[in-house]
1. For 79, 136, 7, what ranking results if the residue with the fewest other Cβ atoms within 10 Å of its Cβ goes first?
2. Report the per residue volume, in Å³, of the convex hull enclosing the C-alpha atoms of the chain.
3. For the chain, what does -39500 (n - 2.57) per DSSP helix run (n ≥ 4), summed and divided by total residues, give at 222 nm, in deg cm²/dmol to the nearest 500?
4. For helix 44-57, what angle does its Cα long axis make with the longest principal axis of the chain, in degrees from 0 to 90 and rounded to 10?
5. Ranked highest first by average number of other Cβ atoms within 10 Å, how do 159-172, 114-127 line up?
6. Looking at the stretch 5-175, send over the antiparallel percent of its DSSP beta bridges, to the nearest 5.
7. Take peptides 142-151, 52-61 and line them up by average Cβ neighbours within 10 Å, highest first, as a rough protection proxy.
Ligand SMILES: C[S@@+](CC[C@H](N)C(=O)[O-])C[C@H]1O[C@@H](n2cnc3c(N)ncnc32)[C@H](O)[C@@H]1O
């Protein structure tokens, strides 16, 4: 498994309108190998969903509410993390995925509404998954997959109550009491 520490920062969700999208951003982060997601606006239900998913399917993924994302960006940069901002205006993922996959620690920033200019300026990588507008969920999933080369799907989640046995047909689930 690759040794890169991956975290995600979700900036500025529009509460209620973006709740489902934000929940999916968090679920994709968890399922695709990130360790933590930071959010500056949060509906408590999103935290409850994550807690439930961690309980059933294994823990190790965290959600943290933060007051000020600019302070987080500064402190992460100080720690040595590279900031990877997902934007359709950025560099083609095909051209930068190799370089990003060699980083030790990254913080991936995804927006909801218009992202302020200083994020573009302070990012180490502004990365586009195509230069067309689409969705932060799909952009995040593709970037996480590209930089880990699919290895994230070999990872085991600790203390899972439920565990799927992959099968050709039907559903096989083990319940660990
Ligand atoms: C629905 S978009 C809103 C973008 C907003 N109109 C802007 O100009 O920043 C929400 C987020 O999805 C992500 N996104 C959308 N299309 C993308 C693309 N082609 N490549 C990378 N990220 C993308 C970006 O993180 C963006 O902030």
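1. Taking fewest neighbouring Cβ atoms as first place, the list is 79, 7, 136.
2. Roughly 132 Å³ of hull volume per residue.
3. -11500 deg cm²/dmol
4. Taking Cα atoms only, the helix is inclined about 50 degrees.
5. Most protected by this proxy first, the peptides run 114-127, 159-172.
6. 15
7. Answer by packing, highest mean first, reads 142-151, 52-61.
We did not get these values from a lab; they are worked out from the coordinates using the rules stated. Everything numeric in this text was worked out from a predicted model, so none of it was measured. Ideal geometry is used to build each Cβ from the backbone, glycine not excepted, and the neighbour counts take in all protein chains shown.
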